[in-house]
Amino acid sequence: MSTQASPASGATESAPSPGVPAMTSDRWEKWGDRLNPLVVKEVRQGLRTRVFWVCFGLLLAACLVLSLIAFGNTHASTYTREGRTYFFSFFVCLALVHFGVIPFNAYRSLAREREDETWSLLLLTGLGPRRILAGKVASFLVQAALYASAVGPFLLFSYFLNGIDLPTILMVLVMGGAWLVFLTLVSVCAATLADSRMGRAAVRLGLVGVLVVTFFQTLTFTFVVTQERGSGFSFDRDFFLGLGAAFWLLVSDGWLVFETAVSRLSLVTEDYTRHPRRALVVQVLLTFVGMTAVWWFMDKDDDIPGVMGILGGLHLIFASLFMATDVDGQSRPLRAGTRAWSLFKPGALRGFRLSVLLLLGWAAGCAVLLRLSDDSTGSLRMAMSMVALALYGVLYLAVALLLGRMPRSGRFASPVSVRLLFILVGVMGAGVPPLLAVFLDLEGRDELLNLLNPVLGTLNFGRYDYSDPSGLKMPPELLVCVALVALLAAFAADRVLAERERRAHQQ
Amino acid sequence: MSLLEVKGLRRDYGALRAVDDVSFNLEAGGILGFIGPNGAGKSTTLRILATLDVPTAGTVLLDGTSLVDAPDRARPLLGYMPDRYGTYDDVTVREFLDFFARAYGLKGAQRKQRVDSVMEFTGLGPLAEKLTTELSKGMRQRVALGRTLLHDPRLLLLDEPADGLDPRARIELRELLRALADQGKAVIISSHILTELAEICDSCVIIEQGRLLAQGKVEDLLRQSAGPSRVTELTVRLAAAGDEGEALWARTERTLLEQPRVKDVAREGGALRVRLELEADAGPAQAEAAAAVLLAALVAQGLPVCAFSPRERNLEDAFMTVTQGRVA
């Protein structure tokens, strides 16, 4: 064994050899140096696996057999419209790999990295969680591109079999590509969710379930788009609006999921909440701008802010559940630059404040659009309903935080405990009032009894009708009552979290 | 100034205190052994030193840079080898090292030169094109060590590096670590194979239940653990076997216990361990004289003594004394 050569010597001399091949090689070398190291390693590693070559071979063989069948059929008759059927068949072959094998392998790759502790070695190199996750996703997308290169010619071949036009092919491929990126991203990020063996098994099972379900959903969508076009289904304005919304959801939620995963893998000494919180705020703002543009474009249709108000509210409540349940306070290096309203800085207090602002801001914005809508007959009740939803979100989040973090013991103060408490109080809030109504011989959806019920309360405010004297009586004054209760609970939770942050910083 | 300064390190996991007020220093070129039973807090401390965990309290300075406040600046200065080797499947030795060299930001010719240099140093050159999965444990250990050396760190943190290695691989690892220390690198080795550590380390830290029990140079620890009175130990073997042999062993024990300086006698495998108590100021000459008297007594009794040798106190004894025999 030689110990003469010292790795610490660090001589950096290179041996340049002139000539065209050397220059080309240098260029490749420089280009390779710019790549994320993980992409190089993972692709190299991936191409050596049996799974890759088996899948690649089977994919190619299946497509070849299908093409031969198609070729035989076209010879049998003079003109066929089989293109859409064969396109769908080729797409199914590719989908098995793109929406099943690739995302699952991407998940497994990062999960193994964490199990085998190579993850911490990667972190120490200075790559950082962001580049590591990006490298993982990119490397599996490169592998997906290799699979696509095998099926691509066959997909194009289906165009020449008639029955399917190029825009349809392109649209399916673009949406399929976006879906592949999203699924791979989500799968990689899912690997960051659990730390224990049981947790990892649960995540793995959940991911397989999601992949199976979404696989069939994707095929259904592709089938409808390719097979039903011209027979009752067309690429009209609504279709493109829906497609645009789905695309935006994939992009913005993909970014949000990515940033959340990066923050989960960051150390507490880092400003780990800045990027996911910023991503959420940008998502909310851009969605609102986009929604306003579509609303304007569609003659101020009140359905748009109405539906988006509720869906956005639910999305924000879900996101708040993670923001507001962060640990208390920040690590020492971050405290110096933290002000009372540094909402992107770590800590449950700041996460809670940001959640309240986003929930109420979103509801208020949608309510204003509703009031400005041309057809504003039902706008007040819809606006009240979405504001009520936001207020319930704030109220139940505050109650969960108070229950979990107010006791000094801190037994239920962990992020997971507070989330479970939120679900528990939410279920109780939704289930107990109707039960009480039964005992009190009242109607199940009684207005006053369900005033703080997050489900029936939201629905009751949405059903309020001025024109029907016998209908539900949910005047705006009741909404003010809900607002007062929610804001009082939010204030109490804010004080509790502020006190806990102060105590955490004193330790 | 020390290369590494650890002061008042504490790590709590909820109600559990994994590391409690641990402080020590390490100079450049020094090898520090981190000794403790399983669950003592060795790995937690190493993970904090590797910037993979954050202490609840305390400061850690590496060459004046705080590992807690500026982990990104400290990481290029340290190399960490966890107790698991952390190699990848379907990757050759060269590809593995090349990947980490890329990850450390080494480019082009510099990267190639560094990978070659590390492979030569660790003796991996002939195995460069072999898959890491085809390597023996010892060789995989070398690959892992090579990885930690790629960016030329000043501090090496090795968690149980000799665990599971055969004797030859252990000796080779020891030589490698010595060579690294000679180059001026500071090395911290956590291990529970104490005899191994005694041969490699200059100084030791003994930790149990998160608390630092003793620290200092190995010789000092051995001297301290011997206590106020000087106790010398001897090993005695007999050429005796079977029922008749058993009687001889018993007679020998009795004879030994009758001698004035013998404190106790215990059977250990195929030998007797004899503890002799000397005066506090007794030197090696007195110890040898006492041993000679004992040997003469045994021979006079006609006992078939085939081996009679002094038994040096080792790190294991020091550890057992310091921890008062409590081993998890």
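We did not get these values from a lab; they are worked out from the coordinates using the rules stated. This one's a predicted model, so the numbers in the text were calculated from it and none came from an experiment. Neighbour counts run over all protein chains shown; Cβ positions are idealised from the backbone, glycine included.
Positive end of the dipole of chain A (Cβ unit charges, origin at the Cα centre): among A:PRO433, A:GLY83, A:LEU211, the Cα lying farthest that way belongs to A:LEU211. What nm value, rounded to one decimal, do you get for the distance between A:LEU357 and A:LEU442 when each label is placed 7 Å out toward the C-beta? Distance between the two pseudo-spin positions: 3.7 nm.
Couplings for the stretch B:3-18, taken from phi via the Karplus curve 6.51 cos²θ - 1.76 cosθ + 1.60 with θ = phi - 60°, read 5, 10, 10, 10, 9, x, 5, 9, 9, 10, 10, x, 7, 7, 9, 7 Hz in order; Gly and Pro are left as x. Mean partner shielding of peptide A:332-344, defined as the number of other chain Cβ atoms within 10 Å of each residue Cβ, is 1. Derived scalar couplings between HN and Hα for the stretch A:391-397 equal 5, 4, x, 4, 4, 6, 5 Hz in order, rounded to whole Hz, by the Karplus curve 6.51 cos²θ - 1.76 cosθ + 1.60 (θ = phi - 60°), x for Gly and Pro.
Please work out the FRET efficiency for the pair A:LEU219 and B:ASN25, using the Cβ-Cβ distance as r and a Förster radius of 60 Å; give the result to the nearest 0.05. Please report the intermediate quantities before stating the final value.
Details: r = 64 Å, r/R0 = 1.07.
According to the calculation, E is roughly 0.40.
Considered as an equivalent ellipsoid built on the Cα gyration tensor, the stretch B:150-261 has semi-axes of 40, 20, 12 Å, the largest given first. Shown here: the protein assembly as shown, whose C-alpha atoms stretch 120, 77, 58 Å along the first, second and third principal axes, sorted largest to smallest.
Around the amide H of B:GLY164, modelled in the peptide plane, lies no amide H under 5 Å away from a residue 5 or more places distant or on another chain.
Compute the helix-to-body angle for B:137-149: its Cα long axis versus the longest principal axis of chain B, expressed 0 to 90° and rounded to tens. Once rounded, one gets 50 degrees.
When peptides A:398-405, A:101-108, B:128-135, A:497-504 are sorted by average Cβ neighbour count within 10 Å, with the highest value leading, the order is A:398-405, A:101-108, A:497-504, B:128-135. Look at the stretch B:114-120: the mean tally of other chain Cβ atoms within 10 Å of its residues' Cβ atoms is 4. Each peptide among B:19-27, A:254-262 gets the average number of other Cβ atoms lying within 10 Å of its residues, and from highest to lowest they stand as A:254-262, B:19-27.
What are the semi-axes of the equivalent ellipsoid for the stretch A:175-317, taken as the square roots of 5 times the Cα gyration tensor eigenvalues, largest first, in whole Å?
Three semi-axes, in Å: 31, 23, 11.
What the Cα atoms of the stretch A:35-235 give is an Rg and a Dmax of 19.1, 65 Å.
Estimated translational diffusion coefficient (Stokes-Einstein, Kirkwood radius over Cα pairs, 20 °C, 1.002 mPa s) of the stretch A:405-448: 175 µm² per second.
Straightening the chain between A:ALA202 and A:LEU424 buys 77.8 nm, computed as 0.36 nm per residue apart minus the Cα-Cα spacing. Close amide H pairs (under 5 Å, H built 1.01 Å from N) link B:GLY216 with B:CYS204, residues at least 5 positions away or on another chain. According to the Cα-based calculation, Rg over Rh for the stretch B:227-322 is 0.98, with Rh computed by the Kirkwood formula.
Measuring r between the beta carbons of A:ARG411 and A:ARG502 and using R0 = 25 Å, the FRET efficiency lands at 0.80. For each pair in A:LYS41/B:LYS112; A:LYS136/A:LYS345; B:LYS107/B:LYS185; B:LYS7/B:LYS42, compute the distance between the two Cα atoms and list the pairs where it is over 22 Å. Too far apart for the 22 Å limit: A:LYS136/A:LYS345; B:LYS107/B:LYS185.
Amide H contacts under 5 Å for B:LEU156: B:GLY79, B:ALA186, B:VAL187, B:ILE188, restricted to partners 5 or more places along the chain or on a different chain, H placed in the peptide plane at 1.01 Å from N. In sequence order, the stretch B:119-127 has phi-based couplings of 5, 5, 4, 8, x, 9, x, x, 9 Hz under the Karplus curve 6.51 cos²θ - 1.76 cosθ + 1.60, θ = phi - 60°, and Gly or Pro positions carry x. Ranking A:ALA148, A:LEU488, B:VAL93 by how far each Cα lies toward the positive end of the dipole of the protein assembly as shown (charges on Cβ) leaves A:LEU488 at the top. Here B:ALA241 and B:ALA292 are evaluated by their C-beta separation; at R0 = 30 Å the FRET efficiency comes out at 0.65. Could you run the Debye sum over the Cα atoms of the stretch A:45-151, one equal point scatterer each and no solvent, and tell me log10 of I(q)/I(0) at q = 0.14, 0.15 Å⁻¹, two decimals? Taking Cα atoms of the stretch A:45-151 as identical point scatterers yields -0.66, -0.72.
Quarter the surface of the alpha carbon convex hull of the stretch A:129-209 and you get the mean projected area, 6.8 square nanometres.
The mean count of C-beta atoms from other chains within 10 Å of the C-beta of residues in A:36-44, rounded to a whole number, is 4.
What is the angle, in °, between the Cα long axis of helix A:102-115 and the longest principal axis of the Cα atoms in chain A? Nearest 10 is fine, range 0 to 90. The two axes meet at around 80 degrees. Computed on the Cα trace of chain B, the radius of gyration divided by the Kirkwood hydrodynamic radius gives Rg/Rh = 1.08.
Distance between the 7 Å Cα→Cβ label points at B:LYS263 and B:ILE171: 3.4 nm.
Averaging sequence separations of C-alpha pairs under 8 Å and six or more residues apart, then dividing by the length of the stretch A:268-507, give the relative contact order as a whole percent.
22 percent
Sorting B:162-174, B:47-59 by average packing, meaning the other beta carbons within 10 Å per residue, from highest down gives B:47-59, B:162-174.
Restricted to Cα atoms, the stretch A:268-507 shows a radius of gyration and a Dmax of 19.1, 62 angstrom.
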